[in-house]
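Step one of this worksheet: look at the structure below.
The values are calculated or read from the model by the stated rules, or taken from the named source; none is laboratory data. Nothing here was measured: the structure is a model prediction, and the numbers come from that model. Side chains are part of the model used for accessible areas, which takes the heavy atoms of the whole protein and leaves out ligands, DNA and RNA. Shrake-Rupley method; radii C 1.70, N 1.55, O 1.52, S 1.80 Å.
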Amino acid sequence: MFRKLTPLTAALLAGGLVIAAAGPANAAVVERYSLDFSDSGVADDFCGVGLQPTFTYDQTGSGFVMNRGKDGLFWFHEKLTVVRTFTYNGMTVTDIQPNTLAKDHKVVDNGDGTLTVTQLLTGGGRTLGSDGKIIAKNDGQIRVRLTIDTATDEVIDEEQIFGSTGTNDDFCDAVLAYWGV
């Protein structure tokens, strides 16, 4: 239920990806949108081990869609901050992902009703225990290649093509160890 979000993928699915019939050679912003969202409740099967901690989720950010290049394809660019807090048996962990950037790095019309989109995802994450000490880090950048069906706006294939350049502590391992589970 709780895993790293790929905000750009969600935006592609929610907002739809459209190929413009014709467009200017220069980039032009065609839409700006907010990514602000909050939620709270009880997690179901946290990290796949059956725990049900309470949680809060706060996300702030924004994005925009550009019409770019001679083919007039749409490109996405998003900045996001996510703060997730989980409490189990009186112990709280806070996962902070400030200044996350997700943007289309390359968009190619394959000519067969699909697009290949290479995304750059970068940022830093810190998971803190109740005492404010870091129990896990996850920062750096990755690149993901998506194949998108332009008729349905569905992602039909997703592949990580460049692994993380930073630290890669496992969130679930760190939190469960902190909680003594």
In deg cm²/dmol, rounded to the nearest 500, the helical mean residue ellipticity at 222 nm of the chain, built from -39500 (n - 2.57) for every DSSP H run of length 4 or more, is -3000 deg cm²/dmol
From the cross-link list LYS79/LYS103; LYS103/LYS133; LYS103/LYS137, the entries with a Cα-Cα span beyond 20 Å are LYS103/LYS133; LYS103/LYS137
Computed curve, the chain, Cα-only Debye sum without solvent term, log₁₀ I(q)/I(0) at 0.12, 0.13, 0.16, 0.17 Å⁻¹, is -0.64, -0.73, -0.99, -1.08
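From the protein chains alone at 1.4 Å, what is the descending order of accessible area for TYR88, TYR57, largest first? All intermediate terms of the calculation are to be shown ahead of the outcome.
Numbers: TYR88 55, TYR57 25 Å².
Highest to lowest solvent-accessible surface, that is TYR88, TYR57.
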Quick tally, 1.4 Å probe accessible area for THR85, THR60, sorted with the most first, runs THR60, THR85
Per the range 98-149, sqrt(5λ) over the Cα gyration tensor eigenvalues, sorted largest first, in Å, gives 35, 9, 7
Here the relative contact order (percent) of the chain, from C-alpha pairs under 8 Å and at least 6 apart, is 16
A 1.4 Å probe over the protein heavy atoms gives the range 62-152 a carbon and sulfur accessible-area percentage of 49
So, relative contact order of the range 71-152 in percent, Cα under 8 Å, 6 or more apart, is 25
Semi-axes a, b, c in Å (a largest) for the range 107-181, each sqrt of 5 times a Cα gyration tensor eigenvalue, come to 36, 13, 9
Using a 1.4 Å probe on heavy atoms of the protein chains only, the accessible area for ASP36 in Å², nearest 10, reads 100
Per the range 67-135, sqrt(5λ) over the Cα gyration tensor eigenvalues, sorted largest first, in Å, gives 39, 11, 8
